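Visitor: Encoded as structure tokens, here's the structure I'll be asking about.
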Amino acid sequence: MDKLYGANNQDNTQENIILDAARKVFMRKGFDGARMQEIANEAGINKALLHYYFRSKEQLFQNIFRQSFRNLWPTIEPELVREKIDVRLLIKAVISGYVDILEKMPYLPNFVIGEINRDPEKVAGLIKEAAIKPDLLITAIKKAMDDGLIIKMDPREMLIYLIGLCVFPVVTRPLLGQLLYKNSDDYQKFIANRKETLYNFFSRAVGIKN
């Protein structure tokens, strides 16, 4: 947490205003194109006040990153604490959680990739701080394999494939627009149907019978 978090209600309100402004600027410009002055303008404050709350653009993004992934895990965890885990519902929850985040923060994958290349330990730390528990997911997938509900393979690979399918269309969106979806309406239709089509595709790939 930043040193000012929880200081008082006014501080928390101002921080939320800044974070909301930063999300909008990151959405328009991406992480590299965003400027602290533009974020300050969006928040309706001066740059000095912005730096009082957040020293850098990276610190701002890290806060947004943590908040986003904290919202992800609650969509998945309920499927992991059931007495009998339904692998179909678990896969749907993972797809829904990731697709929702990426629709709100389409610049997130490119930022994460850049940060992974620069400092993988930091990215791993941010994910852990957001209470993401990949070991629980892997254990549940392995149990489903042992029960004969899905094909057997390394459960870590299956999780990687699932997340990769969620992320790839977002990372390659500019290219997809040039090669496959030159009509923007077609691309929007593809995006609107992603949860359903991705679940159906992945279910068939891992041998789930609907």
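The values are calculated or read from the model by the stated rules, or taken from the named source; none is laboratory data. Since this is a predicted model, take the numbers as computed values, not measurements. When we count neighbours, we look across all protein chains shown, and the Cβ atoms used for this are built from the backbone with ideal geometry, even at glycine. With ligands, DNA and RNA removed, areas are computed over all heavy atoms of the protein, side chains included. Shrake-Rupley method; radii C 1.70, N 1.55, O 1.52, S 1.80 Å.
Visitor: Could you identify the single residue in L108, L162 that is under 30 Å from R28 (Cα atoms), touching a Ser or Thr at 6+ places or on another chain (Cβ under 9 Å), hydrophobic (A, V, I, L, M, F, W, C) and buried (at least 18 other Cβ atoms within 10 Å of the Cβ)?
Guide: So the residue among L108, L162 that is under 30 Å from R28 (Cα atoms), touching a Ser or Thr at 6+ places or on another chain (Cβ under 9 Å), hydrophobic (A, V, I, L, M, F, W, C) and buried (at least 18 other Cβ atoms within 10 Å of the Cβ) is L108.
Visitor: Continuing with the same structure: Can you tell which of L149, L198, L137, L126 is under 15 Å from V99 (Cα atoms) and in contact (Cβ under 8 Å) with a residue 40 or more places away in the chain?
Guide: L198
Visitor: To continue, here is another question. Hey, could you check the range 71-87 for residues that are modelled with pLDDT of 90 or more and crowded, with 17+ Cβ neighbours inside 10 Å and say which is nearest to S203 (Cα to Cα)?
Guide: Among residues in the range 71-87 that are modelled with pLDDT of 90 or more and crowded, with 17+ Cβ neighbours inside 10 Å, the one nearest to S203 (Cα to Cα) is V87.
Visitor: Among what's in the range 91-101 and is closer than 15 Å to I132 by Cβ, hydrophobic (A, V, I, L, M, F, W, C) and modelled with pLDDT of 90 or more, pick the residue that is surrounded by the fewest Cβ atoms within 10 Å (Cβ to Cβ).
Guide: Top of the filtered list is A93.
Visitor: Follow-up. If you take the residues in the range 136-159 that are among the aliphatic types (A, V, I, L, M) and within 14 Å of G207 (Cα to Cα), which one is surrounded by the most Cβ atoms within 10 Å (Cβ to Cβ)? Step through it out loud before you land on a result.
Guide: Residues of the range 136-159 that are among the aliphatic types (A, V, I, L, M), as a first pass: 136-138, 140-141, 144-145, 149-151, 153, 158-159.
Checking the rest, the ones that are also within 14 Å of G207 (Cα to Cα) come to 141, 144-145, 149-151, 153, 158.
Numbers: I141: 26, A144: 23, M145: 19, L149: 17, I150: 23, I151: 12, M153: 12, M158: 23.
Selected residue: I141.
Visitor: Taking the range 172-209 as the search range and keeping residues that are open to solvent by 30 Å² or more (accessible area, probe 1.4 Å) and of a type in the set (F, W, Y), which one is farthest from the chain's Cα centre (by Cα)?
Guide: Ranking the qualifying residues of the range 172-209, first place goes to Y181.
Visitor: Given the criteria of a type outside the set (D, E, K, R), in contact with a Gly (Cβ under 6 Å, 6 or more places away or on another chain) and either on the phi < 0 side of the Ramachandran plot or open to solvent by 50 Å² or more (accessible area, probe 1.4 Å) (or both), does L49 qualify?
Guide: Taking the combined requirement at face value, the residue does not satisfy it.
Visitor: Can we say I101 is of a type in the set (V, I, T), within 23 Å of Y199 (Cβ to Cβ) and touching a Lys or Arg at 6+ places or on another chain (Cβ under 9 Å)?
Guide: Considered against the rule, which asks whether it is of a type in the set (V, I, T), within 23 Å of Y199 (Cβ to Cβ) and touching a Lys or Arg at 6+ places or on another chain (Cβ under 9 Å), I101 comes out as no.
Visitor: Is there a residue in the range 48-66 that is hydrophobic (A, V, I, L, M, F, W, C) and assigned to a loop (DSSP other than H, G, I, E, B)? Talk me through it step by step, then tell me what you get.
Guide: In the first step, residues of the range 48-66 are kept if they are hydrophobic (A, V, I, L, M, F, W, C); the result is 48-50, 54, 60-61, 64-65.
Pick out the ones that are also assigned to a loop (DSSP other than H, G, I, E, B) and you get 54.
Taking every residue of the range 48-66 in turn, at least one turns out to be hydrophobic (A, V, I, L, M, F, W, C) and assigned to a loop (DSSP other than H, G, I, E, B).
Visitor: Quick one: in the range 114-135, which of the residues that are more than 16 Å from R66 (Cα to Cα) and open to solvent by 80 Å² or more (accessible area, probe 1.4 Å) is modelled with the highest pLDDT?
Guide: Among them, the one singled out is D135.
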